[in-house]
Protein chains: 2
Amino acid sequence: MKGEGGLDKRKAYILATVVYEYIATAEPVGSNTLTQKYNLGVSSATVRNELAELEAGGYLVQPHTSAGRVPSDAGYRTYVDDLMQPEELAGDDRRRIRDELRDASRELDEIIDHTTRLVGRLSKNLAFVTKPQPDTQVFRHLQLIWLSPRSGVAIVVTSLGVAAQSLFELASEIHADDLTRFSNALNARLSNRPLRDIGEDHVAAAASELGIDDELRGAVTQALRAARSNEGATIASAGAQNLLDQPEFQDLRKLRSILRIVEEQKTLYDLVADAIGTEKPSVIIGQELGLDELTDLSVVTVPYRFGEHAVGMLSILGPRRMPYGRLLALASGTAETLSERLSDVELK
Amino acid sequence: MKGEGGLDKRKAYILATVVYEYIATAEPVGSNTLTQKYNLGVSSATVRNELAELEAGGYLVQPHTSAGRVPSDAGYRTYVDDLMQPEELAGDDRRRIRDELRDASRELDEIIDHTTRLVGRLSKNLAFVTKPQPDTQVFRHLQLIWLSPRSGVAIVVTSLGVAAQSLFELASEIHADDLTRFSNALNARLSNRPLRDIGEDHVAAAASELGIDDELRGAVTQALRAARSNEGATIASAGAQNLLDQPEFQDLRKLRSILRIVEEQKTLYDLVADAIGTEKPSVIIGQELGLDELTDLSVVTVPYRFGEHAVGMLSILGPRRMPYGRLLALASGTAETLSERLSDVELK
DNA sequence: CCTAGCACTCCATGCCAAAGACTGCCAATG
DNA sequence: CATTGGCAGTCTTTGGCATGGAGTGCTAGG
């Protein structure tokens, strides 16, 4: 008898077939379906025995006595990790993605947005993309703009465009001249450093050198902090309506909580937050997501890069019964194209 | 016999009651319900006669023979225009809105976003808010930033913050000095003008005066055009999941197309685009929206102001059976608070 | 003009029987 | 000893049907 871990060849094939068939039909699959549609070389009775053992091993579950089998989380996991054959993105899909992204504007937000919509459409599921982590970006320019004797705006530009704008109002009067000198000093000092390496000490050093008062120094520190912060870490999402087509969402309560999660963004972000910075695609299945509302769902998530760093994740959320191979290929292909596109628009 | 237009007092009261009751219960309302729950002073038989006449007049419809009456578009229209008594926003709702908005950040997008979520939550419907029309804003500052010998960024700041950033790459070499001179000249010339009044001729005049080459002049024109353009006219939306609670959306196909419309944004924007700039709240009911997918829905939309101008609309989309009075009060109250908040964060 | 009463229509509900889809088990088989 | 055909048993799904209830329109009488 083989242990839990090592499925013999036939069991593995049967498990793969059950998962495959269930993904395709959304119906519990029984021994007859299997023997008829797939060439197993054994009778349905034999398959029944195997199915019973797969169920005992935790790979399959039965919704009720007289129904076929459905994969469990463990079943999907084994399928994704060991049984599934990797797919490639079709050549013309790849071309289409490239074409669509080329037409998108040169602005970061719009590129991300466009990509997300595209993936939502092609995947027929919910796509979401985290915006590039600000603190991995490279500082390019700080601009202090004089607006009135007591107020101004600080604008921080990174290699991906304007990262933060921050209005400041001071008690003391501002000299336009100070703004220019301070800006110039900071630009000379900080240019091309990663935002995450820029500390208050740099600002303080420049300020004391030039005799800049504390208030203005504080305003600049504040602006840099805002630019660096992953706080407002937002995502773009698209394709929520696709989920409605899935038979598993006839239940409106489930649907409602999913929509809420999508709208909130934060929960969605947290799902993949751990993975940001990693280089490998990953799949999170059902309960592994750690949320009651999402037990019927899975997420495929792949990193995209800006320059050398993996800076964000492109993800697809769909029913646990999603076509993992196809979606992994789609996500990876798109992430690659997105990465290329981002280096196109880099401010160099 | 009174004509179509002029309902006698009793008919008007009965119509109002039917609409009111239907809004509250979502069930077709019959003559018995009316006589029992509301003090009409006549018997149900009389009410039946009146109901039949209201139906003949087009104000009510009957889903089927043995059901009660439901308002038609015309019925709702009459209710909203003539019969409904205007409501006021409760004092503590008003205070709560003010408090919540005060805590929101000082950045335009976040304020709009926050407001939208708040209205979504309080209205228990879908809220959407158009961003302020760029061309009504006032030019404050143009900043040309030198990045490399052949590239730079143009940033346009208006009274509501950064309106556009636009990367430019030129064939000829850029002198940092030219950028500064050109920026200064344009700022002196354009400051405090509404964006919509700024034409290419201003840029051309400044350029020729300073001997700025055509390429750079083009880049700046481009940046100003981007800032002024209402193209990317986007909206914020929140509360889509609330619609699921409404009994009229058990039908998933309807729901799907509504979600798609919400995600696309453009259709939603177009619904209220005509109204932008007007000063009055308005209500659009069912078929008046002009979209098959939205026949069961209505929109309440009210303007908000920035300074002197109405610059955007705050809207609530919900079932045609929505509590118009309450939502109008909520929308108006919030729009007012939003307007105040915007002048707080104006760059003066 | 109003009202009580009544016949009628249509929908919603619950129930039951029949059909269908699987399974698990058993005894027979190569 | 793994495999198989057969079969009884279990559970869900479906359709039909009768019942009850809600509401109407109409009529005749106040």
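What the table below lists for this structure:
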item: Condition broken by A:Arg10, with the remaining ones in (1) under 24 Å from A:Gln246 (Cα atoms); (2) touching an Asp or Glu at 6+ places or on another chain (Cβ under 8 Å) satisfied; result: (1)
item: Which listed residue is under 23 Å from B:Gln133 (Cα atoms) and in contact with a strand residue (DSSP E or B) (Cβ under 8 Å, 6 or more places away or on another chain), from B:Leu179, B:Leu216, B:Leu186; result: B:Leu186
item: Residues that are β-branched (Val, Ile, Thr) and in a helix (DSSP H, G or I), drawn from region A:167-208; result: A:Thr180, A:Val203
item: Those residues of region B:291-348 which are within 14 Å of chain A (Cβ to nearest Cβ) and either under 15 Å from the mean Cα position of the chain (by Cα) or within 30 Å of B:Thr25 (Cβ to Cβ) (or both), in sequence order; result: B:Glu293
item: Helices (runs of 4 or more DSSP H) contained entirely in region B:50-166, each with at least 3 residues that are surrounded by fewer than 19 Cβ atoms within 10 Å (Cβ to Cβ) and within 14 Å of chain A (Cβ to nearest Cβ); result: B:108-123
item: Strands (runs of 3 or more DSSP E) within region B:222-328 that include 3 or more residues at pLDDT 90 or above and of a type outside the set (Gly, Ala, Ser); result: B:282-285, B:297-306, B:309-319
item: Count of residues meeting criterion [more than 38 Å from the chain's Cα centre (by Cα) and hydrophobic (A, V, I, L, M, F, W, C)] in region A:1-58; result: 5
item: When residues of region A:255-273 are limited to those that are touching a Ser or Thr at 6+ places or on another chain (Cβ under 9 Å), within 11 Å of chain B (Cβ to nearest Cβ) and not hydrophobic (A, V, I, L, M, F, W, C), the one surrounded by the most Cβ atoms within 10 Å (Cβ to Cβ); result: A:Glu263
item: Flag if B:Gly75 is of a type outside the set (Lys, Arg), within 14 Å of DNA strand C (Cβ to nearest atom) and outside the structural domain of B:Ser298 (by TED's automatic domain parsing); result: no
item: Selected residue [more than 10 Å from chain B (Cβ to nearest Cβ) and touching a Ser or Thr at 6+ places or on another chain (Cβ under 9 Å)] from A:Leu186, A:Leu195, A:Leu190; result: A:Leu195
item: Check on A:Ser172, at negative phi and assigned by TED's automatic domain parsing to the domain that holds A:Glu215; result: yes
item: Filtered residues of region A:46-64 (kept if hydroxyl-bearing (Ser, Thr, Tyr) and over 15 Å from A:Gly6 (Cα atoms)); result: A:Thr46
item: Considering residues of region A:21-49 that are in contact with a helix residue (DSSP H, G or I) (Cβ under 6 Å, 6 or more places away or on another chain) and more than 10 Å from DNA strand C (Cβ to nearest atom) only, the residue nearest to the other protein chains (Cβ to nearest Cβ); result: A:Ala26
item: Selection from region B:50-89 of residues that are within 16 Å of DNA strand D (Cβ to nearest atom) and touching a Phe, Trp or Tyr at 6+ places or on another chain (Cβ under 7 Å); result: B:Val70, B:Pro71, B:Ser72, B:Gly75
item: Residue list for region B:46-67, restricted to those being at pLDDT 95 or above and either among the small types (Gly, Ala, Ser) or on the phi > 0 side of the Ramachandran plot (or both); result: B:Ala52, B:Ala56, B:Gly57, B:Gly58
item: Test for A:Ala238: is it outside the structural domain of A:Arg320 (by TED's automatic domain parsing) and either over 19 Å from A:Val311 (Cβ atoms) or within 26 Å of the chain's Cα centre (by Cα) (or both); result: no
item: Top-ranked residue of region B:15-49 - restricted to ones that are closer than 16 Å to B:Gln85 by Cα and within 11 Å of DNA strand D (Cβ to nearest atom), ranked as surrounded by the most Cβ atoms within 10 Å (Cβ to Cβ); result: B:Val18
item: Residue ID - nearest to the other protein chains (Cβ to nearest Cβ), chosen from residues in region B:203-251 that are among the acidic types (Asp, Glu) and farther than 30 Å from A:Arg256 by Cα; result: B:Glu231
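The values are calculated or read from the model by the stated rules, or taken from the named source; none is laboratory data. These numbers come from a predicted model, not from an experiment. Note that each Cβ is placed from the backbone with ideal geometry, even for glycine, and that neighbours are counted across all protein chains shown.
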